[in-house]
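Q: Let me begin by handing over the structure; questions about it come next.
The values are calculated or read from the model by the stated rules, or taken from the named source; none is laboratory data. The shown structure was predicted, so the numbers you read here are calculated from the model rather than taken from an experiment. Counting neighbours? That spans all protein chains shown, and the Cβs are built from the backbone with ideal geometry, glycine included. Calculation scope for accessible area: heavy atoms of the full protein, side chains included, ligands and nucleic acids excluded. Shrake-Rupley method; radii C 1.70, N 1.55, O 1.52, S 1.80 Å.
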Amino acid sequence: MAGTPLVRWLRATAAVEPARQDFAERLSLWLGPVDALRLRALHQTLQPVVPVGSPRWSAPPDDLEARVAQARATVEAAIRQALPRPAAEPGPGPDAPPAVPTYAAYRQRHAALQRQMAATATALRAQLRQALAQASPGLRQLATLDAVLEPMTAEREPRLWAGVSAVLAQRFEALHTPADGQGANRDGLRRFEQEWTSALLAEWDARLGPVLGLLEAWRHNQEIEA
């Protein structure tokens, strides 16, 4: 994760350092005792992979990669659409300084995009598991493992994505609030909108991690069979 776009953005924007633990150590922080028992039980049920040359499952749909690419592009296009104009807080009187836009519109737009990201990634992940289960015995085991892991990690993920929104809110205040307190800092707003778009694209990339991992496993299996 230390090399993902989201982590690089957080390190540059919020001085967040990547975790030093290995994958197993980090995963243990996410899983409780019940989750660990479920994984252990699943591991005991997995059978050795059938050697190469044994009968394989029917091939998955040929358009699987196209589905992922199209869904990925759709969400990216939604993120890059015209940004919302922040609602302005009215001044206390006719002689008050010009109203300063607030972060509320960006927060609302971000929340809507997060729902779209989550729904799209979940649907793609389910389709890929179905395809993997039909591709080979080994990939069927991978699909089974992913089906167990997804709900375990889904319980913790909202807190991570909420952290992205919190950092963006801080950046909005830092970049958009004028130094003299008078009027709107247009240059800061433009810079914030660039960071906002980059952060959401990085978040989408992170959410797609499990999807792309399953897709890579399917692609590798197709190369072996070719």
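Q: Sum up the charges of everything whose Cβ sits under 9 Å from the Cβ of Leu132, counting Lys and Arg as +1 and Asp and Glu as -1, but leave Leu132 out.
A: Surrounding charge for Leu132 is +1.
Q: Placing +1 on the Cβ of each Lys and Arg and -1 on the Cβ of each Asp and Glu in the stretch 101-151, which of Pro137, Leu124, Leu113 has its Cα farthest towards the positive end of the resulting dipole?
A: Sorting the options by dipole projection puts first Leu113.
Q: Separate question: With a 1.4 Å probe and every protein chain left in place, tell me how much accessible area Arg107 has, in Å² to the nearest 10.
A: Roll a 1.4 Å probe over it and Arg107 shows about 120 Å².
Q: Just order 212-218, 202-208 by mean Cβ neighbour count inside 10 Å, highest at the front, would you?
A: 202-208, 212-218
Q: Give me the extension gain from Gln134 to Ala112: residue separation times 0.36 nm, minus the current Cα-Cα distance, reported in nm with one decimal.
A: Stretched out fully, the Gln134 to Ala112 stretch lengthens by 4.5 nm.
Q: So, one more: In the full protein assembly as shown, how much of Glu157 is accessible to a 1.4 Å probe, in Å² to the nearest 10?
A: 60 Å²
Q: Give me the extension gain from Thr153 to Thr197: residue separation times 0.36 nm, minus the current Cα-Cα distance, reported in nm with one decimal.
A: Values: separation 44, 0.36 × 44 = 15.84 nm, distance 2.54 nm.
Full extension of this stretch gives 13.3 nm more.
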